[in-house]
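Chemist: Structure provided below as structure tokens; questions to follow.
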Amino acid sequence: MVLQSAEQTVAQRNLPEELRPEFTALYSEGRQNSVLHAMRAGLMALRLGRADLAKETFDQAIREVEALQEGTEQAQRAKSKFVGEREKWFKGESYERAALYFYRGILFLGDHDYGNAAACFKRAQLQDITSEEESGFAGDWTSCELGLALASTWNGVPSDATAARQRADKFQSKQGEVPWPTPQTNTLLVVEVGKAPIKYRGGNQGEQLRYLEEAPQIQQIRVSTPTFKVTSAPAENLFFQATTRGDRQVDFFLRDKASFKEDTSNATVGLAAAAVVASQSERSGIAAGVLGLAAIGTAIASAVSDPSADIRAWDNLPHSIYLLNLNLPNPDMPLQIEALDQAGNVVNTMTVNDVKISTPTDAKKLNVLFLRIKTP
């Protein structure tokens, strides 16, 4: 009944075909996976040029993430040895939450709402911080400092733009040289490349969250016009961000759950063996029965304890994000966009006609261009 109602709502909204599965899941699965589906749907909508739907779903995800971080009921459930992490309401890992605020910040830039854009980029850096951060890797999204610098420049606060660059220059996450905004910047080109980090489980009980990388061939983006060329390294590498977070608070709970499961499993074997030995004695029937019941009890406890890591993922994120700040004499002028490999060879090209433009072009306002380049 719930699924049917969700399908009817999606049909009534006349959503693009590509978005219908995620919106149907968003409307039908309840709060457990609502943030996950809102994240996926928002990014798909942005890539389709539907900024309206992207804002709607990203805003929903942000509200839920903020509520989940403030709530205590789900935190207590996470600590329970008998509740699997994947049964919690999904709020994403720190890099996924940071990406959520980053994309919302880009949309605010497209709306020329520079104050809210700056707030989102700052919030993204806060989401990037975990309880046991690896030294030097807390709040180190270069893309967010770039976005903050651009928003601050257009908002008339150059000191904030300068401070953003000074912070970014110290980041160990830096992937190479990127063009920074200037007072003359009138166009932001956002380019996505590659596939998201792949989550999988490790450890004896699957209690460790690990990542696989599918590194893209594309290592640089070059933008050309008849009068200039600009080349940029990635502003962000999401695999790097996912794997330099250190221990999460939940990791301590998962290790405790895994230890409990192993201990109860070993105890089950010991109690069962003791029950067998006791049953061979003529006067130990009661003892054998007690030991047998104890073995059954610990076996049940071991079976229902779930230490496995949650591998639900915002899996349509890119591997790399490029931000190119441009000063174009005419916002409508043609742009040639080339994707380069590590050796500088061109492996893919696009033109401005392929670019999704989030706002109408206006020489007196910041123009935001957004595209995704397919990897060979």
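Chemist: State, to one decimal in nm, how far the label point of residue 204 lies from the label point of residue 182, with both points 7 Å from Cα in the Cβ direction.
Modeler: So the label points at residue 204 and residue 182 sit 6.1 nm apart.
Chemist: Could you compute Rg(Cα) / (2.2 N^0.38 Å) for the stretch 121-208, with N its residue count?
Modeler: Relative to the rule-of-thumb radius for its length, the stretch 121-208 sits at 1.35.
Chemist: Still on this model: Measuring from label point to label point, each 7 Å out along Cα→Cβ, what is the residue 217 to residue 138 span in nm?
Modeler: 4.1 nm
Chemist: Which net charge results for the neighbourhood of residue 141, defined as the other residues with beta-carbon distances under 9 angstrom from its beta-carbon, given Lys and Arg at +1 and Asp and Glu at -1?
Modeler: So the environment of residue 141 carries a net charge of -4.
Chemist: Taking only C-alpha pairs under 8 Å that are 6+ residues apart, what is the relative contact order of the stretch 25-68 in percent?
Modeler: Numbers: 36 pairs, mean separation 15.8, N = 44.
Relative contact order comes out at 36 percent.
Chemist: Another question, then. Within the accessible area of the stretch 141-241, what % is carbon and sulfur when the probe is 1.4 Å and the other protein chains stay in place?
Modeler: Details: 2040 of 4390 Å².
Its accessible area is 46 percent carbon and sulfur atoms.
Chemist: Would you mind putting 237-245, 194-202 in packing order, based on average other-beta-carbon counts within 10 Å, highest first?
Modeler: Working: 237-245: 21.3, 194-202: 17.9.
Averaged packing, sorted descending, gives the order 237-245, 194-202.
Chemist: Let me ask something additional. Students often get this wrong, so check it: of 91/122; 55/229; 55/170; 55/174; 174/229; 170/199, which have C-alpha atoms separated by over 26 Å?
Modeler: Result: 55/229; 55/170; 55/174; 170/199 exceed 26 Å.
Chemist: Please compute the modelled spin-label separation between residue 8 and residue 66, points set 7 Å along Cα→Cβ, answer in nm with one decimal.
Modeler: Taking the simple label geometry, residue 66 and residue 8 are separated by 3.3 nm.
The values are calculated or read from the model by the stated rules, or taken from the named source; none is laboratory data. Note that the structure is predicted; figures quoted are calculated from it, not measured. With ideal geometry, Cβ positions are generated from the backbone for all residues, glycine too; neighbour counts draw on all protein chains shown. The area values use the complete protein model at the heavy-atom level, side chains included, leaving out ligands, DNA and RNA. Shrake-Rupley method; radii C 1.70, N 1.55, O 1.52, S 1.80 Å.
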